[in-house]
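> I have a structure I would like to understand better, so I am pasting it below and will then ask my questions one at a time.
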Amino acid sequence: MRSLLTAILAILCIGLFSCQKEVDDIFSNSGNNTGGTIGSLKRVVVKYGADSTINDFFYNSAGKLIAVNIRTVSSGTVEFNNQTIERNSQGLIQKTTTKATELLQVGIDSIVATVASSSSRYVSRTFSFSVLGTTATFSSFYYYDANGKIVSQKDYVDDGSGSIDSSRLDFTYSGSNLASLKGYNLNSGSPTPDLTQVFEFDSKPSPLIVGDEAFILNNFLLWYSGNNIKKTTVNVEGDPDTHIEAWDYTYNSANKPSSANVTQDGQTGILWKYIYN
């Protein structure tokens, strides 16, 4: 049951990691992939060897994100992961609904997450689902500093057995960008360090900036900051190696990324393509 819960958590994180000819056309510039260079982000395509992902973004008339549809090809298998976003009259997220191939495979049609806010700040995100006769509940709570930045996120997982796993992420900032995060396991009664991640950025505008909504949508690494990640350095407790991810961008006339070549721990070959409205 625990491994299934972990898999479902991964499904609910909007990933950037279709079918293959469409992807090949995009990277060869022979498909309908030019897009505009000034408007909002329309599509991100990621290719790694024979595997690939197409991420499509949709907005309302106010320019707010209302859906992200993902198609992935992995080992020749095509899967989808689609998330719709409901907002209140003030534009704040109230609810997200996720439908995914992997959810359907375990008999779950969709997962609906409820988002609570107060004074225009996001307070929590909660969702539950039932599988194999057991109901599991996931909850995240957000904490702010005096400047209105989210500096901590606490997560709780109740797998239905009476045991609750808890963890915490702490964040620091440099201007409009995330500077670092530190992860802690809270199950022992006192925080036990899990990981540390440090970020470096370029000076160009990011393709997609959604502020605190990036935490609600589980993609604060890419969607919160005003600029583009150039390098991440990760240290995990118990792992003697330092893991480094480096991004090499090309930019369009609006100084936004048009493509990127990503290197992970010295291994190259992850290609990104950005397409705008």
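> Quickly run through region 174-214 and pick out the residues that are of a type in the set (S, T, N, Q), farther than 30 Å from Ser163 by Cβ and not in a loop (DSSP other than H, G, I, E, B).
Ser174, Asn177, Ser180, Ser203
> Right, here's the next one. Among the residues of region 256-266, is there at least one that is in contact with a Phe, Trp or Tyr (Cβ under 9 Å, 6 or more places away or on another chain), of a type in the set (S, T, N, Q) and assigned to a loop (DSSP other than H, G, I, E, B)?
Within region 256-266, none of the residues are in contact with a Phe, Trp or Tyr (Cβ under 9 Å, 6 or more places away or on another chain), of a type in the set (S, T, N, Q) and assigned to a loop (DSSP other than H, G, I, E, B).
> Something else about it: Of the conditions (1) within 30 Å of Tyr59 (Cβ to Cβ); (2) surrounded by 14 or more Cβ atoms within 10 Å (Cβ to Cβ); (3) modelled with pLDDT of 95 or more, Leu222 satisfies every one except a single condition; which number is it?
Condition not satisfied by Leu222: (3).
> Also, quick follow-up: Please identify the pairs in which a residue from region 189-218 that is closer than 26 Å to Ala254 by Cα has its Cβ atom under 8 Å from the Cβ atom of a residue that is among the basic types (Lys, Arg) and outside any strand (DSSP E or B), counting only partners at least 6 apart or on another chain.
Correct list of pairs: Lys204/Lys256; Pro205/Lys256; Ser206/Lys256; Pro207/Lys256.
> Looking only at region 182-205, decide whether some residue is within 15 Å of the chain's Cα centre (by Cα) and either crowded, with 19+ Cβ neighbours inside 10 Å or of a type in the set (A, V, I, L, M, F, W, C) (or both).
Looking through region 182-205, none of the residues is within 15 Å of the chain's Cα centre (by Cα) and either crowded, with 19+ Cβ neighbours inside 10 Å or of a type in the set (A, V, I, L, M, F, W, C) (or both).
> Next question, about the same structure. What residue, among those in region 246-274 that are under 21 Å from the mean Cα position of the chain (by Cα) and hydrophobic (A, V, I, L, M, F, W, C), is farthest from Ser206 (Cα to Cα)?
Ile270
> Which of the strands (runs of 3 or more DSSP E) found entirely inside region 108-166 contain at least 1 residues meeting this: of a type in the set (Asp, Glu) and out of contact with any Pro (no Cβ under 6 Å at 6 or more places or on another chain)?
150-158
> Being at pLDDT 95 or above and over 15 Å from the mean Cα position of the chain (by Cα): is that true of Lys95 here?
yes
> Right, next: Can you find, within region 69-92, the residue that is modelled with the lowest pLDDT among those that are among the hydroxyl-bearing types (Ser, Thr, Tyr), surrounded by fewer than 17 Cβ atoms within 10 Å (Cβ to Cβ) and part of a strand (DSSP E or B)?
Top of the filtered list is Ser74.
> Please verify whether region 210-217 includes one or more residues that are closer than 28 Å to Ile66 by Cβ, modelled with pLDDT of 95 or more, acidic (Asp, Glu) and surrounded by 15 or more Cβ atoms within 10 Å (Cβ to Cβ).
For region 210-217, residues closer than 28 Å to Ile66 by Cβ, modelled with pLDDT of 95 or more, acidic (Asp, Glu) and surrounded by 15 or more Cβ atoms within 10 Å (Cβ to Cβ): present.
> Now for a different question. Can you find even one residue in region 167-178 that is charged (D, E, K, R) and farther than 22 Å from Asn81 by Cα?
Within region 167-178 (the criterion being charged (D, E, K, R) and farther than 22 Å from Asn81 by Cα), the answer is yes, since at least one residue qualifies.
> Specify which of the listed residues (Ile150, Ile111) is under 19 Å from the mean Cα position of the chain (by Cα) and under 15 Å from Gly211 (Cα atoms).
Just one listed residue meets the conditions, Ile150.
The values are calculated or read from the model by the stated rules, or taken from the named source; none is laboratory data. Since the model is a prediction, treat every value here as computed from it, not as a measurement. Cβ atoms come from the backbone with ideal geometry, glycine included; neighbour counts cover every protein chain shown.
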